[in-house]
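The values are calculated or read from the model by the stated rules, or taken from the named source; none is laboratory data. On a predicted model such as this, the values are computed, not experimentally measured, just so you know. Quick reminder, even Gly has a Cβ in these numbers, built from the backbone with ideal geometry, and neighbours come from all protein chains shown.
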There are 2 protein chains.
Amino acid sequence: MSETELPARIEALLHAMPPVAALQPRLAELEDDRCCLHAPLSANVNDKNCAFGGSLVSLMTLAGWGLATAWLERRGIKAEVYVADSQVKYRVPLYDDLDACAVFAEPPDADAVLRELREGKHASFRIQSEVRRGDGRVATSMESRYVAVVSDRIGPE
Amino acid sequence: MSETELPARIEALLHAMPPVAALQPRLAELEDDRCCLHAPLSANVNDKNCAFGGSLVSLMTLAGWGLATAWLERRGIKAEVYVADSQVKYRVPLYDDLDACAVFAEPPDADAVLRELREGKHASFRIQSEVRRGDGRVATSMESRYVAVVSDRIGPE
């Protein structure tokens, strides 16, 4: 899979999920070590006119999922990536559009991950996500663990 | 506010939030110590044909919010209730409709809560939420802290 196809594939997966499409997310950034999603406040607003906590968690969870999925696909592995657990802190309300970014809490060890998956084991990723306000303050932050399980290999062996 | 108006008010608040309405939640149970929401899998499905993690967290968060909001309203307090932090464990995939239930991790001390709010302080609630599968296994569980701040008093003084 080429670098140009990967963002389109991730974005198509997002929009194929009804509860995700409703949040109107856009893949804003997809690097090997960082994935960011943008979504309008209007589609994600709560009864207090700020961002709904569930939307914040959804977008942060998806940014982490996109990060791990793309990292694996770039290395020729098509895997199912699941979030396993999360610790969320809602720090200050967000009255802006939502920009959720995810990075690895520690860089994955590619050799170890590929070996685990080749042996049919789960590979694990620790990911940190956050949503910042326009003024730079962190509105919501999340530390999560994701697990990947190989579905089938893609690309040349 | 009467006991019959309260569930209708909670449900109207849910459906007034665009990202919540998209999940098609229904208030299934609202007791003084328990609040449950139901939502169809079709509106909450992910790319793996099971319940999307963000939907699970959204519904558990809303069930807890409904529990605390209703508990306060029954005691004559109209307060803004915010989720402050959450620890989520995604245990097993859910291929059924979503039934999210929230209970107090410890029964609130009504006198203490009312005193804190009357003094203009935050009141805090510890709430446990979970989504169980049809076979009784817990698919996802969450421990959260919510804070309430008085907006204005309702009902007779």
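Summary table below
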read-out	value
Residues being more than 8 Å from chain A (Cβ to nearest Cβ) and more than 11 Å from A:Met17 (Cβ to Cβ) - total across segment B:31-49	11
Index of the failed condition, A:Lys78 passing every other in (1) closer than 25 Å to B:Thr140 by Cβ; (2) touching a residue at least 60 places away in the same chain (Cβ under 8 Å); (3) touching a Ser or Thr at 6+ places or on another chain (Cβ under 9 Å)	(1)
Test: residue in segment A:96-103 that is over 30 Å from A:Ala51 (Cα atoms) and among the acidic types (Asp, Glu)	no
Residue selected from segment A:31-61 under the condition touching a Phe, Trp or Tyr at 6+ places or on another chain (Cβ under 9 Å) and part of a strand (DSSP E or B), by the criterion farthest from A:Arg115 (Cα to Cα)	A:Val45
Restricting segment B:57-72 to residues that are within 12 Å of another protein chain (Cβ to nearest Cβ) and within 8 Å of the chain's Cα centre (by Cα), the residue that is farthest from B:Ala105 (Cα to Cα)	B:Leu59
Filter result for B:Ile127 (in contact with a helix residue (DSSP H, G or I) (Cβ under 7 Å, 6 or more places away or on another chain), modelled with pLDDT under 95 and more than 10 Å from chain A (Cβ to nearest Cβ))	no
Looking only at segment A:82-100, and only at residues there that are more than 7 Å from every other protein chain (Cβ to nearest Cβ) and of a type in the set (A, V, I, L, M, F, W, C), the one that is nearest to B:Pro19 (Cα to Cα)	A:Leu98
Residue under evaluation B:Gly64, criteria (1) part of a strand (DSSP E or B); (2) surrounded by 19 or more Cβ atoms within 10 Å (Cβ to Cβ), criterion not met	(1)
